[in-house]
Amino acid sequence: SFSVVIAGGGSTYTPEIILMLLANLDRLPLCCIKLYDNDGERQGLLAPAVKILIEERDPSIEFVATTDPEIAYTDVDFCLAHIRVGKLPMRELDEKIPLKYGVVGQETCGPGGLAYGLRSIPGVIENIDYMEKYSPNCWMLNYSNPAAIVAEACRRLRPNSRVINICDMPIGLEDSFARILGFQSRKQLDYRYFGLNHFGWYTSVKDPEGNELLPKLVGHELKYGNTMPGESMDDYTDHTWYDTALKVKDIVSLDPSMAPNSYLQYYLFPDDMVAHSDPHYTRANMVMDGREKRVFGECARIAEAGTAAGTTLKIGIHAEFIVDLATALAFNTHERMLLIVPNNGAIENFDPEAMVEIPCVVGKDGYEPLSIGKIPTFQKGLMYEQVCVEKLVADAYEQHSYLKMLQAMTLSKTVPSANVAKKILDELIVANEGYWPEL
Ligand code: G6P
């Protein structure tokens, strides 16, 4: 059996990931679960409840919560990394500063995503280095955001490390596709996809007999986006996801031969997204007032009661991809998964040094990307602009360069002019003091 450490133990997502691991012990047997966070106080709000969840499911599993990297990373097989450098208060600034200037305010797309990227690179690299020092054979399954910039930093700065960059967004989309097409599970369908993280397109969705269902899917999306006929906002506990699912209608109309990743809304319709945002109450506020209060409150209740009986915490179904990936590595399952990997010729007419999100076959030696072939001009143009933005942020980090960061902001499709880019950047520099390298 295996030992795992969750880096970013204090995340609001941690308890549901724990429940997901505990629900999958038959596939991925565990002898030890560790939580690691550099903010012991925050992690301490969750740890007592996590301990109870584990004990009640399987008392033989050792549980450790620590702020000491040596304890965290010694003798582990998998590190599940979902760190958030600067936590939710910094996310709030990433969202609100661009919105002040009428620009998209989002945690991974637009200037806020670039700011978050520059903050995250050192944190992710630090965790990779701990892992290599204390458990050189460990795999890091990294879904820390912003995944595209983080992945580019891994490619450049730690090219030989056992890090696999993966995102849950495609899983969420594939769940919607299965629902639209009348299948029980996304796993019954076979997909072809290409793009960057939070920036890609499905080119094929096949049923188990090999029939192509993409035209049917796109036909639905043109009418309803990824919502179901007759559905309204009230059917969604999270209204942001309803808006996003609906917006797919507009995105797909730009190229009805593919099913797009819904995050393209921020790049293709930034004006609509800004018009729809409240610059004084953003997603970070919703998460702090909603999920954070709910999860921390429920964890406090469990700790107080001494039992998790009747808990309202839910299994992170989406997070099952983490078990799929760990199982593929541990047991050589050769499962096909979308990963963020160096292109290296997989997309024939695209930069070989770009980090792209494409299907890969995963086994005990890691991943092997599938060959994608050539992609069309519209998608290639959008992707190349975005990849250069991401590379410029990594340049800014390596060279401590104000100019590279200004170029990144200016090049981003979400930013209308270099004037605006400079104003936003100058404010973000002040906000990120102590996190960013000195530019
Ligand atoms: C999706 C994306 C993640 C992102 C998350 C944000 O799952 O794939 O990259 O972190 O949404 O969710 P939140 O509820 O925190 O806004």
For segment 1-28, what are the residues that are in a loop (DSSP other than H, G, I, E, B), surrounded by 17 or more Cβ atoms within 10 Å (Cβ to Cβ) and acidic (Asp, Glu)? none
Residues satisfying the stated conditions in segment 44-77, i.e. touching a residue at least 60 places away in the same chain (Cβ under 8 Å) and not in a loop (DSSP other than H, G, I, E, B): Leu45, Leu46, Pro48, Ala49, Val50, Ile52, Leu53, Glu56, Pro69, Glu70, Ala72, Tyr73
Within segment 236-249, is there a residue that is away from the ligand (no atom under 16 Å from the Cβ), surrounded by 14 or more Cβ atoms within 10 Å (Cβ to Cβ) and touching a residue at least 24 places away in the same chain (Cβ under 8 Å)? yes
Restricting attention to segment 45-70, which residues are surrounded by fewer than 20 Cβ atoms within 10 Å (Cβ to Cβ) and closer than 23 Å to Ser120 by Cβ? Leu45, Thr66, Thr67, Asp68, Pro69, Glu70
Counting only residues that are of a type in the set (D, E, K, R) and either outside any helix (DSSP H, G or I) or more than 16 Å from the ligand (Cβ to nearest atom) (or both), which one in segment 250-295 is surrounded by the most Cβ atoms within 10 Å (Cβ to Cβ)? Asp250
Could you list, in sequence order, all residues of segment 348-363 that are outside any loop (DSSP other than H, G, I, E, B) and within 13 Å of Ile375 (Cβ to Cβ)? Val356, Glu357, Ile358
Any chance segment 109-119 includes a residue that's open to solvent by 10 Å² or more (accessible area, probe 1.4 Å) and at pLDDT 95 or above? no
Quick one: count up the residues across segment 29-43 that are more than 22 Å from the chain's Cα centre (by Cα) and either outside any helix (DSSP H, G or I) or farther than 16 Å from Ile83 by Cα (or both). 4
Scan Glu353, Glu357, Glu348, Glu398 and give me the residue that is surrounded by fewer than 16 Cβ atoms within 10 Å (Cβ to Cβ), touching a Gly at 6+ places or on another chain (Cβ under 7 Å), at pLDDT 95 or above and at negative phi. Glu348
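The values are calculated or read from the model by the stated rules, or taken from the named source; none is laboratory data. Predicted model only: the values in this text are computed from it and were never measured. When we count neighbours, we look across all protein chains shown, and the Cβ atoms used for this are built from the backbone with ideal geometry, even at glycine. The accessibility values were calculated without ligands, DNA or RNA, using every heavy atom of the protein model including side chains. Shrake-Rupley method; radii C 1.70, N 1.55, O 1.52, S 1.80 Å.
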